[in-house]
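A short worksheet on the structure shown next.
A short reminder: the numbers here are calculations on the coordinates, not readings from a lab. Bear in mind that the values here come from a model prediction, so they are computed numbers and not experimental data. Ideal geometry is used to build each Cβ from the backbone, glycine not excepted, and the neighbour counts take in all protein chains shown.
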Amino acid sequence: MEHRTVFEVMTHSVVTAAPTTSFKEIVRLFADHDISAVPVVDEDRRLLGVVSEADLLRATAELPDLEGRWAGVRLLSQERGVSDAETAAELMTAPAVAAQPGWNLVETARTMHRKEVKRLPVVDETGRLVGIVSRSDLLRPFLRSDTAIRDEIKHDVLAGTLRLAPDVLRVAVDDGVVTLTGRVDVRADIPVIVRLCRSVDGVVALHESIDYAYDNLALDVEPPR
């Protein structure tokens with residue numbers, strides 16, 4: 001049982017820019033392909049950086065309005081001069097945060113959240129661009145049917161990984177919400193069962209009402225030998 005990988009959900013055909021791509025050409029790429037960022041790559045498709053709409057807007061933040069008046073916006077010291085940027089190499093954010101094809105969706109989502117980005121270029125072990133993954137791609141597993149989720153929990157998790165008999169636990173799935181009921185031998189098994197079932201792709205939430213025969217988490221109670 002594994003989470004889907006970035007390779008399975010990413011966009012494989014990626015619109016890219018070269019370091020010499022101009023400001024206006026980048027804007028045109030955004031409009032023509034309905035995207036909001038482009039990876040910048042060299043001749044060998046090695047990732048150099050990313051230009052996003054935010055980068056383009058930042059480049060115009062210190063420009064005066066049509067009457068020559070300043071809006072009062074001032075860039076940080078490390079950003080000064082960006083208003084004169086003309087090419088992708090001058091506009092891009094570098095180094096770019098990137099994902100790898102074998103990452104599971106959980107670690108990818110955590111990286112996006114931690115770095116506060118909406119998408120990640122995907123690179124192979126040599127640093128070459130092979131795809132791009134977005135927030136919407138990470139939500140794709142939640143389109144799985146309740147039947148598919150239930151079958152994976154019953155066959156892969158409960159029977160395959162935990163080696164539980166078929167009649168030990170009952171599994172119900174409604175709109176991605178899993179309910180587990182039944183009885184296990186020892187109490188310590190319950191958190192393990194919940195954790196593994198909760199990690200199945202497409203599970204929105206999990207509720208359990210699982211009884212146990214022996215409380216082996218109590219100091220004075222041991223399961224029978």
Could you derive backbone 3J(HN,Hα) for segment 115-121 from the dihedral phi with the Karplus parameters 6.51, -1.76 and 1.60 (θ = phi - 60°), listing whole Hz in sequence and x where the residue is Gly or Pro?
8, 6, 10, 9, 7, 10, x
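Note down the net charge around THR147, summing +1 for each Lys or Arg and -1 for each Asp or Glu among other residues with Cβ under 13 Å from its Cβ. Write out the running numbers ahead of the final one.
Numbers: positive: ARG144, ARG150, LYS154; negative: ASP146, ASP151, GLU152, ASP174, ASP175.
That sum, taken over residues with Cβ under 13 Å, equals -2.
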Tell me, what HN-Hα J-couplings in whole Hz come from the Karplus equation 6.51 cos²θ - 1.76 cosθ + 1.60 at θ = phi - 60° for each residue of segment 135-150, using x for Gly and Pro?
4, 5, 4, 5, 8, 4, x, 6, 7, 4, 6, 4, 5, 5, 5, 4
So how strong a dipole does segment 83-224 carry about its Cα centre when Lys and Arg Cβ are +1 and Asp and Glu Cβ are -1, to the nearest 20 debye?
200
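If you take every residue apart from ARG45 with its C-beta less than 12 Å away from the C-beta of ARG45, what net charge results, scoring Lys and Arg +1 and Asp and Glu -1? Write down the numbers at each step before the final one.
On the way: positive: ARG46, ARG128; negative: ASP42, GLU43, ASP44, ASP124.
Charge balance near ARG45 sits at -2.
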What is the calculated FRET efficiency for VAL177 to ALA213, with r their C-beta to C-beta distance and R₀ = 41 Å, to the nearest 0.05?
0.90
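Using C-alpha positions alone, give me the convex hull volume of segment 117-169 per residue in cubic angstrom. Walk me through the intermediate numbers first.
On the way: hull volume 6.8 nm³, N = 53.
About 129 Å³ per residue, rounded to a whole number.
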Under 5 Å between amide hydrogens, which residues at least 5 positions from ALA99 or on another chain qualify, with H placed 1.01 Å from N in the peptide plane?
VAL122, VAL123
Using amide H atoms built in the peptide plane, which far-off residues or other-chain residues are under 5 Å from ARG46 H to H?
LEU129
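State the extension gain, in nm to one decimal, for the chain segment bounded by LEU57 and THR161, taking 0.36 nm per residue of separation less the distance between their alpha-carbons. Present the calculation step by step, with values, prior to reporting the outcome.
Details: separation 104, 0.36 × 104 = 37.44 nm, distance 5.06 nm.
Going from the current span to full extension adds 32.4 nm.
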Global size of segment 95-225 as Cα Rg and Dmax, reported in angstrom
19.0, 58
Take the Cβ-Cβ distance between ASP189 and VAL15 as r, set R0 to 35 Å, and report the resulting FRET efficiency rounded to the nearest 0.05.
0.10
